[in-house]
Amino acid sequence: MSVTAVLHSEWLKIRSVRASYGSLLAVLGVTLALTVLVYAVVGGPDGSTDPVFDAFQAVNYAQVAALAFGATAVSSEYAHGALRVSLAAVPRRGLLYGSKVAVVAGAGLVVGIVTGFASFLLGQQFARAGSGLGFGDAGVVRACLGSGVYLMLMALFAAGLAFLLRSAVAVLSMLVPFILIASFVFGASTDDDGGFAAYLPDRAGQQVLYQAPGGPLGAWGGVGVLALWAGGALLAGYAALRRRDA
């Protein structure tokens, strides 16, 4: 099969699996819903001294949907022997794997960028008088684009681990506590942003959402660290796919 045909088939798989398609839509839906809730009720989030990061705090919850998207897009291959059918149609495992990863990345990036811009615009409609932001403010456009990259890398992180563990439940049972709890625990145990917590995937990647990123990484340096986490998971997943029987 040609690369184009395999890419098309992988997109059809995602569209036909409700868990994958629903998780992808939930990235946008959850972010917009929480943004409206927070801004419409109280005029915006409190607790952060960075106004740009305040505008994108809903991404903390959307990332769970992104993880679910990446995990379910892959784990569906291991349900009812579907991977054997896929490999019969595409015997080249590298092509199958690369196409799956490319489709997950493309869908995650497009939905993530749309989510970033839509949630920012929607939130600012309900912002407190005098506290609103515009695209001309420092860091806003970068955060809108960066939120898409961040959500895409989170989806790829989960996808790589799903190839390794063969189960969306196992991946989410491991990643969700790790993302939501480990960063808080390690972050609370360090006196500054230069400790180990700064290199955790979520904390590093979210530096791109700040107007003035702190710590040793900077905005795109943090994204680079998250990309290394995702890349490591994808390499482990590819090794598992090549070595294991379907």
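The values are calculated or read from the model by the stated rules, or taken from the named source; none is laboratory data. On a predicted model such as this, the values are computed, not experimentally measured, just so you know. Please note: Cβ atoms are built from the backbone with ideal geometry, for glycine as well, and neighbour counts cover all protein chains shown. Heads up: the accessible areas ignore ligands, DNA and RNA and are worked out on the full protein's heavy atoms, side chains in. Shrake-Rupley method; radii C 1.70, N 1.55, O 1.52, S 1.80 Å.
Residue 136 fulfils the conditions (1) more than 30 Å from residue 5 (Cβ to Cβ); (2) of a type in the set (Gly, Ala, Ser); (3) assigned to a helix (DSSP H, G or I) except for a single criterion, (3). Residues that are open to solvent by 40 Å² or more (accessible area, probe 1.4 Å) and either in contact with a Gly (Cβ under 7 Å, 6 or more places away or on another chain) or at pLDDT below 90 (or both) within the range 153-165 comprise just one, 164. Checking each residue in the range 197-226 for being open to solvent by 20 Å² or more (accessible area, probe 1.4 Å), assigned to a helix (DSSP H, G or I) and more than 19 Å from residue 179 (Cβ to Cβ) picks out 220, 221. Is at least one residue of the range 14-32 modelled with pLDDT of 90 or more, surrounded by fewer than 16 Cβ atoms within 10 Å (Cβ to Cβ) and of a type in the set (Gly, Ala, Ser)? Yes - at least one qualifying residue is present in the range 14-32.
Of the residues 90, 114, the single one that is more than 24 Å from the chain's Cα centre (by Cα), farther than 22 Å from residue 218 by Cα, surrounded by fewer than 20 Cβ atoms within 10 Å (Cβ to Cβ) and in contact (Cβ under 8 Å) with a residue 24 or more places away in the chain is 90. Here is a check on your reading of the model: is residue 141 among the β-branched types (Val, Ile, Thr), under 19 Å from residue 207 (Cβ atoms) and open to solvent by less than 40 Å² (accessible area, probe 1.4 Å)? Taking the combined requirement at face value, the residue does not satisfy it.
Filtering the range 126-178 to residues that are among the polar types (S, T, N, Q) and in contact (Cβ under 8 Å) with a residue 12 or more places away in the chain leaves 131, 147, 167. A search for C-beta distances below 9 Å between a residue of the range 1-27 that is without any contact (Cβ under 8 Å) to a residue 40 or more places away in the chain and of a type in the set (Phe, Trp, Tyr) and any residue that is in a helix (DSSP H, G or I) and open to solvent by 70 Å² or more (accessible area, probe 1.4 Å), counting only pairs 6+ apart in sequence or on different chains, returns 21/15.
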